[in-house]
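The values are calculated or read from the model by the stated rules, or taken from the named source; none is laboratory data. These figures come from a predicted structure and were not determined experimentally. When we count neighbours, we look across all protein chains shown, and the Cβ atoms used for this are built from the backbone with ideal geometry, even at glycine. The protein model used for the area step is the full one, side chains on, heavy atoms only, and it has no ligands, DNA or RNA in it. Shrake-Rupley method; radii C 1.70, N 1.55, O 1.52, S 1.80 Å.
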Amino acid sequence: MSITSFHPPVRILMGPGPSDVNPRILEAMSRPTIGHLDPIFIAMMDEMKGLLQYAFQTKNELTFSVSAPGSAGMETCFVNLLEPGDKVIICQNGVFGGRMKENAERCGAVPILVQDPWGAAVDPHKLEETLKSHPDAKVVAFVHAETSTGACSDVKTLVEIAHRNDCLTIVDTVTSLGGSPLKVDEWGIDAVYSGSQKCLSCTPGLSPVSFSERAAERIRTRQTKVQSWFLDLNLVMGYWGGGGKRAYHHTAPINALYGLHEALVLLQEEGLEKAWERHQRNHQALGAGIEAMGLRFVVKEEERLPQLNAIAIPEGIDDTTVRTRLLQEYGLEIGAGLGEMAGKIWRVGLMGYGSNPRNVLVFLGALEAVLHDLGADIEPGVAIRAARAVW
Ligand SMILES: *Cc1c(COP(=O)(O)O)cnc(C)c1O
């Protein structure tokens, strides 16, 4: 055997996630592994609950991190809140709404889709109309920050409509948490899930979730067992319930949780509002540079996410050539389009630790160089000048 240790290169991660991980998080993850029932570990987890409540802006007791990636957070919400035969309205405006439908079907629930164009926010009027024709619906689900297109939907309005029609709400905030304003209690969200590797800038593999008392009550009073043993919150609650009475459910990913704890401490140190402002400012600088080069955004300005910039690939430019050269020559990763947007857009993430002037300037400079080589008519330096003017 001649296989030796794996040493990945240092990249600049400007795709749809994972984002650049703050070195403080990697350092936290290399601390000694202790037992998951060790009182010191339990005390750390109790702190983490408070930090997550701050990040989500909630007082929900049932707030913890699922020991698996954002997709498992999505599944946790669906399998716990839906029972066979339940009708769920799903607003779809990109890839992740489609996954919600898959989840609902696998719960034996009946999904009703409200479709909006990719690249646009969810239309509240369509939701309202659909709820009128389906008064027996029990849950409304949608994505706050659609990472596949870069569109941000109006959570507060959509939740209000759902509640007026006696529905609980499931909201995907995988890409919004820590990057865009999100107020779980003020907006009345019932079940919310996120991910560790987007605007929290932690390593992938954890999914913070939070459930309102109404949602917890629905879960406690289910007629049928949750189809997934691992994600059944009636069992998980005994584990994350806090205090000394914690019972074994599964072995927590100890060191990964040190990382999430550190990520949340970093967010608390900066302050949520400051983090939201930083994402917005760097997004505006990137946008100024993009437009100065003659490129354009896919999403209209008032619906744009600051942390995920969907840029239309210019006529005559080959998607893969550009992304490959950015990676090979500049160590810079950006995302390709997904689904119906494949080959048509680039997805440039400015998430968490990665939302900084250095990344904006490196990306603009590198993209300009590659496009110039491919024959695009761009005045050298124009993008960086435009971005700097914003700061
Ligand atoms: C990334 C993402 C997910 C899935 O998260 P994973 O950690 O990749 O499982 C779900 N929803 C949205 C909106 C996302 O951006």
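Miscellaneous remarks
- For the stretch 3-21, a residue qualifies if it is open to solvent by less than 40 Å² (accessible area, probe 1.4 Å) and β-branched (Val, Ile, Thr), and the qualifying residues are ILE12, VAL21.
- Residues of the stretch 327-338 that are in contact with a helix residue (DSSP H, G or I) (Cβ under 7 Å, 6 or more places away or on another chain), touching a residue at least 40 places away in the same chain (Cβ under 8 Å) and under 17 Å from LEU295 (Cα atoms): ILE334 alone.
- Filtered by the rule that a residue be closer than 19 Å to ALA162 by Cα and more than 16 Å from the ligand (Cβ to nearest atom), the stretch 59-80 gives a lone residue, ASN80.
- When residues of the stretch 124-147 are limited to those that are touching a strand residue (DSSP E or B) at 6+ places or on another chain (Cβ under 8 Å) and assigned to a loop (DSSP other than H, G, I, E, B), the one surrounded by the fewest Cβ atoms within 10 Å (Cβ to Cβ): ASP136
- Residue within the stretch 81-95 that is near the ligand (Cβ under 8 Å from one of its atoms), among the charged types (D, E, K, R) and closer than 21 Å to LYS126 by Cβ present: no
- Between PRO69, PRO39, the distinction of being touching a Ser or Thr at 6+ places or on another chain (Cβ under 7 Å), over 18 Å from GLU217 (Cα atoms), open to solvent by 20 Å² or more (accessible area, probe 1.4 Å) and in the same structural domain as TRP187 (by TED's automatic domain parsing) belongs to PRO69 only.
- The stretch 93-110 - residue that is touching a residue at least 24 places away in the same chain (Cβ under 8 Å) and closer than 15 Å to ALA137 by Cβ and, of those, surrounded by the fewest Cβ atoms within 10 Å (Cβ to Cβ): VAL110
For every residue, the table says whether it meets (1) acidic (Asp, Glu); (2) closer than 20 Å to GLY337 by Cα.
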{"site": "GLU75", "(1), (2)": "yes, no"}
{"site": "GLU83", "(1), (2)": "yes, no"}
{"site": "ILE89", "(1), (2)": "no, no"}
{"site": "ILE112", "(1), (2)": "no, no"}
{"site": "TRP118", "(1), (2)": "no, yes"}
{"site": "LYS126", "(1), (2)": "no, no"}
{"site": "PRO135", "(1), (2)": "no, no"}
{"site": "SER148", "(1), (2)": "no, yes"}
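- Check on ALA121, over 18 Å from the mean Cα position of the chain (by Cα), within 16 Å of the ligand (Cβ to nearest atom) and either within 25 Å of MET237 (Cα to Cα) or not in a helix (DSSP H, G or I) (or both): no
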